[in-house]
1. Just name the residue that is nearest to the chain's Cα centre (by Cα) out of those in the range 39-50 that are charged (D, E, K, R) and open to solvent by 40 Å² or more (accessible area, probe 1.4 Å).
2. Return yes when residue 36 is of a type in the set (Asp, Glu) and open to solvent by less than 60 Å² (accessible area, probe 1.4 Å) and no when it is not.
3. Residue 64 is checked against (1) touching a residue at least 12 places away in the same chain (Cβ under 8 Å); (2) loosely packed, with under 14 Cβ neighbours inside 10 Å and fails just one. What number does that condition carry?
4. Are there any pairs, at least 6 apart or on different chains, whose C-beta atoms fall under 6 Å, with the first in the range 10-38 and touching a residue at least 12 places away in the same chain (Cβ under 8 Å) and the second of a type in the set (A, V, I, L, M) and part of a strand (DSSP E or B), and if so, which?
5. What single numbered condition from (1) modelled with pLDDT under 95; (2) over 12 Å from residue 69 (Cα atoms); (3) surrounded by 13 or more Cβ atoms within 10 Å (Cβ to Cβ) fails to hold for residue 55?
6. Is there a residue in the range 13-23 that is open to solvent by 50 Å² or more (accessible area, probe 1.4 Å), part of a helix (DSSP H, G or I) and on the phi < 0 side of the Ramachandran plot?
Amino acid sequence: LELLIRSFPHKKFILVGDSGQKDPETYFTIAKEFRDQVDKIYIREITDDSKHGRLKQIQKELTEIGIDFILFKSGKNLLLT
């Protein structure tokens, strides 16, 4: 992912993943490093509530630097964002 973003320095990216593994943390790290290129991050919440607090913290930190971090449960919810 980092190589792809570096290869297109004038492009904006939307990152899409889920909360099942490391997508939120990986995208958080990428977004902080490439804040001018990461436009939005969409994360489908598929885990139980134990991880929800961490997702909200990531969301808060990214919002503070101007990157949208959108949590959704299903594609139907995504259409409403």
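1. 40
2. Here the answer is no, as residue 36 does not meet what is asked.
3. Residue 64 satisfies all of (1) touching a residue at least 12 places away in the same chain (Cβ under 8 Å); (2) loosely packed, with under 14 Cβ neighbours inside 10 Å except (1).
4. Matching pairs, first to second residue: 13/38; 15/41; 17/43; 19/43; 24/43; 27/15; 27/41; 31/38.
5. (2)
6. No, every residue in the range 13-23 fails to be open to solvent by 50 Å² or more (accessible area, probe 1.4 Å), part of a helix (DSSP H, G or I) and on the phi < 0 side of the Ramachandran plot.
The values are calculated or read from the model by the stated rules, or taken from the named source; none is laboratory data. Owing to the predicted nature of the structure, the values given are computational and were not obtained by experimental measurement. Methodologically, a virtual Cβ is constructed for each residue, glycine included, from the backbone with ideal geometry; neighbour enumeration extends over all protein chains shown. For the accessible areas, the whole protein counts, side chains as well, though only heavy atoms, and no ligand, DNA or RNA atoms are used. Shrake-Rupley method; radii C 1.70, N 1.55, O 1.52, S 1.80 Å.
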